[in-house]
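What follows is a single structure, written as structure tokens, with notes after it.
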Amino acid sequence: MQASTFTVKGNTGFGLQNRRILQGISDLRSRNLAGKSLRMTERNSCFGVSMDSASMGIELGRARRTVQSVFGSSAKARSHRVRAAGEDIEDAAPLKVQGQSSGSVLPYVGVACLGAILFGYHLGVVNGALEYLAKDLGIAENTVIQGWIVSTVLAGAFVGSFTGGVLADKFGRTKTFILDAIPLSVGAFLCTTAQSVQAMIIGRLLTGIGIGISSAIVPLYISEISPTEIRGTLGTVNQLFICIGILVALVVGLPLSGNPSWWRTMFGLALIPSVLLAIGMAFSPESPRWLYQQGRISEAETSIKRLYGKEKVAEVMGDLEASARGSSEPDAGWLDLFSSRYRKVVSIGAAMFLLQQLAGINAVVYYSTAVFRSAGITSDVAASALVGAANVFGTTVASSLMDKQGRKSLLLISYTGMAASMMLLSLSFTWKVLTPYSGTLAVLGTVLYVLSFSLGAGPVPALLLPEIFASRIRAKAVALSLGVHWIMNFFIGLYFLSIVTKFGISTVYMGFALSCLVAIVYITGNVVETKGRSLEEIERELSPAI
């Protein structure tokens with residue numbers, strides 16, 4: 001989630017290393033007080049992802065070929081059995097044979113991912129622009145106000161993540177996207193034209209609300225329109241587009257050194273995908289699951305026809321009917337999320353984002369430049385390229401394995417690699433015998449950590465949550481889980497520096513390693529495997545109708 005945007009300027013080397021690292025953070029803090037929270041927020045997205053159009057084309061090409069192969073041939077009889085929440089989903093009962101499909105979900109996934117691009121772009125754009133907009137607005141010496149400009153997005157995103165769930169349940173997924181374009185567009189316009197600090201903060205607050213809504217509804221919509229067989233692959237496309245948004249923000253900032261007023265153009269460019277998102281969603285089909293739940297049966301059939309082809313209408317409608325059989329429940333209220341029926345599965349969703357943050361990804365992002373410089377690499381671009389390459393490679397591998405290896409196994413592999421990498425980072429700062437190699441080991445540990453994160457802990461939670469939540473709680477439960485994510489971002493940004501100051505970076509890194517081990521134990525005992533299962537099958541077993 002961060003290229004040069006997400007790095008801390010400073011030097012390292014320990015005991016002296018610890019003091020230098022802290023000094024590096026203090027220097028950064030004087031310029032971008034709340035940038036930490038922003039960088040952490042971007043963590044899930046990309047961490048310095050360097051994604052070009054060619055690699056994105058390969059990824060989408062793979063998804064397209066998968067769709068064609070899945071729907072272009074008869075499906076093999078498969079059997080599955082789902083056990084209770086907290087246990088693995090295993091094979092047991094055959095699926096229906098699928099016929100040739102004339103539909104395609106890819107264009108609509110692409111439209112939804114404009115929201116993911118904006119998510120990444122608005123998180124990344126302020127870091128490069130902050131110094132220049134601060135001079136224009138007369139706050140170059142006021143780090144507190146600069147911090148508010150950066151961190152206001154987090155407050156807005158927290159509100160937006162909950163608002164998105166409510167809107168998605170009430171008005172539907174596509175209409176929520178269209179409504180989301182309003183704060184995204186207005187916020188970008190205010191930031192572009194701001195002549196005062198107040199206007200800039202209001203603009204950032206509105207864009208934060210917009211990206212908070214996007215963070216909730218993009219994975220939700222994609223999961224509900226994606227065919228079961230490639231839902232994992234398409235779910236990771238959301239992550240890749242967030243990375244692209246951050247990358248675009250970095251590239252767009254390049255002219256700043258020669259044109260200080262360019263920062264206004266940087267914010268203004270976000271208007272383009274915002275408008276395209278609204279237009280595209282006006283012509284995109286609504287989620288068949290949401291329509292069916294609202295009793296709009298004929299509209300659900302029309303939506304299925306557009307997404308999968310008329311040949312699939314009977315089959316998909318049969319799945320929806322089987323899911324709803326014996327239950328005509330309305331959308332759940334917020335208190336229903338904590339009922340005995342849903343409490344465990346909702347707690348799993350919240351825990352996924354809690355563990356993700358406690359695993360230390362943001363600390364690695366903060367110290368990446370300092371760590372690389374300790375190895376003699378002084379270029380921010382080089383540091384970002386290494387971290388970004390690891391993240392892109394890991395995300396690409398994860399997308400190809402998501403529907404083969406499975407979500408749970410990738411999470412376990414990911415956290416195991418992260419724990420080992422954190423231990424390596426901690427020891428590279430403290431073991432005297434490793435002192436001659438501390439820089440090299442620190443670089444190796446950082447790259448391995450980001451690679452491990454991108455294999456599972458990064459992309460899986462946003463994909464897994466819409467799968468395990470029942471349809472009547474899906475939007476609100478996803479919003480609640482994302483709310484935990486934003487809150488953790490805020491508090492880690494607020495207290496991280498003081499914790500490092502008190503305990504030292506090596507101790508903190510070891511604490512993150514222990515958090516990863518806790519995550520492994522929790523995932524083993526509580527997280528279900530969902531690959532190859534329709535959302536309706538998962539719902540019937542994990543949240544049966546009462």
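The values are calculated or read from the model by the stated rules, or taken from the named source; none is laboratory data. From a predicted model like this one, the values you see are computed outputs, not experimental measurements. Please note: Cβ atoms are built from the backbone with ideal geometry, for glycine as well, and neighbour counts cover all protein chains shown. The accessibility values were calculated without ligands, DNA or RNA, using every heavy atom of the protein model including side chains. Shrake-Rupley method; radii C 1.70, N 1.55, O 1.52, S 1.80 Å.
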_Run the simple label-point estimate for Leu254 and Ser104 please: 7 Å along Cα→C-beta, distance reported in nm._
3.1
*Mind listing the phi-derived Karplus ³J(HN,Hα) values for segment 242-254, rounded to whole Hz, using 6.51, -1.76 and 1.60 with θ = phi - 60°, and x for any glycine or proline?*
4, 4, 4, x, 5, 4, 4, 4, 5, 5, 4, x, 4
*Subtracting the Cα-Cα distance from 0.36 nm times the residue separation, let me have the gained length for Leu335 to Thr524 in nm, one decimal.*
65.3 nm
*At 7 Å along the Cα-to-beta-carbon direction for both Thr440 and Glu311, put a label point, then send me their distance in nm to one decimal.*
5.7
*Taking Cα centroids, how far is segment 289-310 from segment 154-196 in Å?*
26
*How large is ³J(HN,Hα) for each residue in segment 301-311, as worked out from phi by the Karplus curve 6.51 cos²θ - 1.76 cosθ + 1.60 (θ = phi - 60°), to whole Hz, x for Gly and Pro?*
5, 5, 5, 4, 4, 6, 7, 10, x, 5, 5
*Leaving ligands, DNA and RNA out of it, report the carbon-plus-sulfur percent of the accessible area of segment 452-505 at a 1.4 Å probe.*
77
_Protein accessible area in segment 138-185, 1.4 Å probe - carbon and sulfur %_ = 73
*For segment 242-275 and segment 424-456, what is the separation of their Cα centres, given in Å?*
33
*Please state the relative contact order of segment 398-466 as a whole percent: Cα pairs under 8 Å, 6+ residues apart?*
46
_Sequence-separation-based contact order of segment 210-309, relative, with Cα cut under 8 Å and 6+ spacing, percent_ = 22
_If I take R0 = 41 Å and measure r between the Cβ atoms of Arg343 and Ile279 in this structure, what FRET efficiency does the formula 1/(1 + (r/R0)^6) give, to the nearest 0.05?_
0.50
*Work out how much length Asp136 to Lys502 would gain on full extension: take 0.36 nm times their residue separation and subtract the Cα-Cα distance, in nm to one decimal.*
128.1 nm
*For each pair in Lys404/Lys476; Lys344/Lys476; Lys312/Lys531, compute the distance between the two Cα atoms and list the pairs where it is over 24 Å.*
Lys404/Lys476
*What percent does the relative contact order of segment 125-201 come to when contacts are Cα pairs within less than 8 Å and at least six residues apart?*
28
